[in-house]
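First up is the structure itself, then whatever we jot down about it.
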């Protein structure tokens, strides 16, 4: 049904990937691996989405990166459909993006009690914080290392990560520690935010971008 409404299976997978991962940037071959579609089909649909304004592109280190355009007129309703919020149209079970999201959630739960988990740095092409992955909570060090090792294999890159307790992170926020301020201002993807430590900041940033 969704493929019929939006034109093609590849386009739907791309929309699910981009809207489920706002602030994440991907290059073409990375996208083809994540959605498991042929590169020619991916290039064609990326061109279509660019022409409409749904995504934007940027060249960094001789690689062309794509990400969702949060200033697009219909960003909010499309994110409701494809981004994991309220879903007026039910996503087809078993899509590559849903499977990846479920796998991430399950793997994070195995790490421990996670209060906050954030991708930034290499994931969003913003080096403000100096890390790629932040975890706040009570974690099992061995389980966390296993998660990072598997993430490095999947992303084909070395991941810089930081882990701290909820008490420590709240204190850093309270005194406006340099790292906490950098995380708040960095371009990021929030995976988990149980206590709305960054979610409210994220919403304010979105409102600012729309102005």
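The values are calculated or read from the model by the stated rules, or taken from the named source; none is laboratory data. Since this is a predicted model, take the numbers as computed values, not measurements. Backbone-built Cβ (ideal geometry, glycine too); neighbour counts: all protein chains shown.
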message = Scan the range 18-27 and tell me whether some residue there is more than 14 Å from the chain's Cα centre (by Cα), outside any helix (DSSP H, G or I) and buried (at least 18 other Cβ atoms within 10 Å of the Cβ).
response = no
task = Find the residue count for the range 70-107, including only residues that are in contact with a helix residue (DSSP H, G or I) (Cβ under 7 Å, 6 or more places away or on another chain), assigned to a loop (DSSP other than H, G, I, E, B) and at pLDDT 65 or above.
result = 3
note = The number of residues in the range 177-198 that are under 15 Å from the mean Cα position of the chain (by Cα) and part of a loop (DSSP other than H, G, I, E, B) is 4
remark   = Screening 128, 162, 124 for residues that are in a strand (DSSP E or B) and in contact with a strand residue (DSSP E or B) (Cβ under 9 Å, 6 or more places away or on another chain) leaves only 162
key: Top-ranked residue of the range 59-76 - restricted to ones that are loosely packed, with under 14 Cβ neighbours inside 10 Å and in contact (Cβ under 8 Å) with a residue 40 or more places away in the chain, ranked as farthest from residue 17 (Cα to Cα)   = 60
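How many residues, within the range 150-182, are modelled with pLDDT of 90 or more and either in the same structural domain as residue 26 (by TED's automatic domain parsing) or under 12 Å from residue 132 (Cβ atoms) (or both)? Break it down into steps so the answer makes sense when it comes.
Step one: list which residues in the range 150-182 are modelled with pLDDT of 90 or more, which gives 150-153, 158-182.
When the remaining residues are screened for being either in the same structural domain as residue 26 (by TED's automatic domain parsing) or under 12 Å from residue 132 (Cβ atoms) (or both), the result is 151-152, 158-162.
Adding up the residues that qualify gives 7.
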request  = Would you check if there is a residue in the range 105-119 being under 15 Å from the mean Cα position of the chain (by Cα) and under 24 Å from residue 56 (Cα atoms)?
outcome  = yes
